[in-house]
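The values are calculated or read from the model by the stated rules, or taken from the named source; none is laboratory data. Since we're looking at a predicted model, the values are computed, not measured. Because the Cβ atoms are built from the backbone with ideal geometry, glycine has one as well, and the counts that use them run over all protein chains shown.
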Amino acid sequence: MSNKVTFGLTNVHYALATIGTDGSWTFGTPKRLVGAQEITTEIIGGSSQVYADDKVIATLVSNSGSTVTLKFTEIDDEFKKDIFGFKTDTNGNFVEVVNNETKTFALGYEIQGDAKARRIWYYLCTATPSGDASKSKADSIEANSISLNITARPIESGNNLILRVIASVGDTNYTNFLSTSPVLPTFI
C-alpha cells in the first residue's frame, strides 16, 4: 500500500553513539524523549547539471546528510545531561557547562499516521544547544515550544555511506526497532 497522507509523530528516542579506536561506531540503549510535537528534515546537498553539445548530459547529485528540526514542549533534562553535558550541583541546581563536548547520538522516531507506520533511525547526529523561550499568559494559555536543531551525517558501512534506516510494519525487526540499540543494516 502506498502512502497517500503522512501525519503523527511519536516514540522519539535517542541512543548515545561511541566511536571505537578502529573508527567504528556503536550505539547505546535507546532512551525515550517525550513531548515531541513536530519534526522537519531537509537534505544537505543539491544537484548540478553537466552540459555538453548544447544539452544536459548528466545531473550530479550530492547528499551529505540532513538537517533536522525537532520541536518539543520541553527538552528532557536527561537528554541535556547525556548530549550537552549539563550537570547537577551540590544544591540540586541544573547547570549548563559550556566547555563540555557535545555528544554524537542516533535519533529514532515513528510516523504513526502513515500507511506503513514507519520507524526511522538517523545514525550520526549532533545537536545545537537550544535557548529558552516563554511568554506571559493572556486571555488564553498557549504552551511554549522549544526547537532542537540537529545535523545528521552519514555513517560508513563497508562501501556504503548510510544516513538513515527505515522500518515498516511487517519488517522482521519492526517490533523492537526503537527499543533496541541501532545497528547498521546488512544487505542481500
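Just need a number here: residues in the range 43-71 that are surrounded by fewer than 13 Cβ atoms within 10 Å (Cβ to Cβ) and either assigned to a strand (DSSP E or B) or in contact with a strand residue (DSSP E or B) (Cβ under 6 Å, 6 or more places away or on another chain) (or both).
So the answer is 16.
Which of the residues that make up the range 138-157 are at pLDDT below 70 and aliphatic (A, V, I, L, M)?
Scanning the range 138-157 gives A138, I141, A143.
Check K116, K80 and return the single one that is under 20 Å from Y14 (Cα atoms), among the charged types (D, E, K, R) and surrounded by 14 or more Cβ atoms within 10 Å (Cβ to Cβ).
None of the others qualify; the one that does is K80.
Note down all Cβ pairs under 7 Å where the first residue falls in the range 171-188 and is within 13 Å of T26 (Cα to Cα) and small (G, A, S), the second is at pLDDT 95 or above and surrounded by 14 or more Cβ atoms within 10 Å (Cβ to Cβ), and they're at least six residues apart or on different chains.
S181/A15; S181/F27; S181/G28; S181/P30
Under 7 Å between Cβ atoms, at least 6 apart or on separate chains: pull out the pairs that start in the range 53-70 with a residue that is closer than 22 Å to W121 by Cβ and end on any residue that is at pLDDT 80 or above and not in a strand (DSSP E or B).
Filtered contacts from the range 53-70: G65/P154; G65/L163; S66/L163.
Does any residue in the range 110-137 that is farther than 18 Å from V183 by Cα and at pLDDT below 75 come within less than 8 Å, Cβ to Cβ, of a residue that is among the aliphatic types (A, V, I, L, M) and loosely packed, with under 14 Cβ neighbours inside 10 Å six or more places away or on a different chain, and which pairs are these?
Every condition considered, the pairs that remain are G113/V5; D114/V5; A115/M1.
Could you tell me which of the residues T40, T102, T18, T29 is in a loop (DSSP other than H, G, I, E, B) and surrounded by 11 or more Cβ atoms within 10 Å (Cβ to Cβ)?
Only one candidate passes the filter, namely T102.
Would you call E74 assigned to a loop (DSSP other than H, G, I, E, B) and among the acidic types (D, E)?
yes
Residue by residue through the range 79-115, note down the ones that are in contact with a Ser or Thr (Cβ under 9 Å, 6 or more places away or on another chain) and within 15 Å of N149 (Cα to Cα).
I83, F84, T102, K103, T104, F105, A106
Going through the range 81-99 one residue at a time, which ones are of a type outside the set (D, E, K, R) and part of a loop (DSSP other than H, G, I, E, B)?
Listed by number, the residues that qualify are G85, F86, T90, N91, G92, N93, V97, V98, N99.
Confirm whether G92 is out of contact with any Phe, Trp or Tyr (no Cβ under 8 Å at 6 or more places or on another chain), within 24 Å of T29 (Cβ to Cβ) and at pLDDT 90 or above.
Considered against the rule, which asks whether it is out of contact with any Phe, Trp or Tyr (no Cβ under 8 Å at 6 or more places or on another chain), within 24 Å of T29 (Cβ to Cβ) and at pLDDT 90 or above, G92 comes out as no.
Please verify whether the range 86-107 includes one or more residues that are among the hydroxyl-bearing types (S, T, Y) and either closer than 26 Å to G158 by Cβ or under 14 Å from the mean Cα position of the chain (by Cα) (or both).
Checked against the condition, which is being among the hydroxyl-bearing types (S, T, Y) and either closer than 26 Å to G158 by Cβ or under 14 Å from the mean Cα position of the chain (by Cα) (or both), the range 86-107 yields at least one hit.
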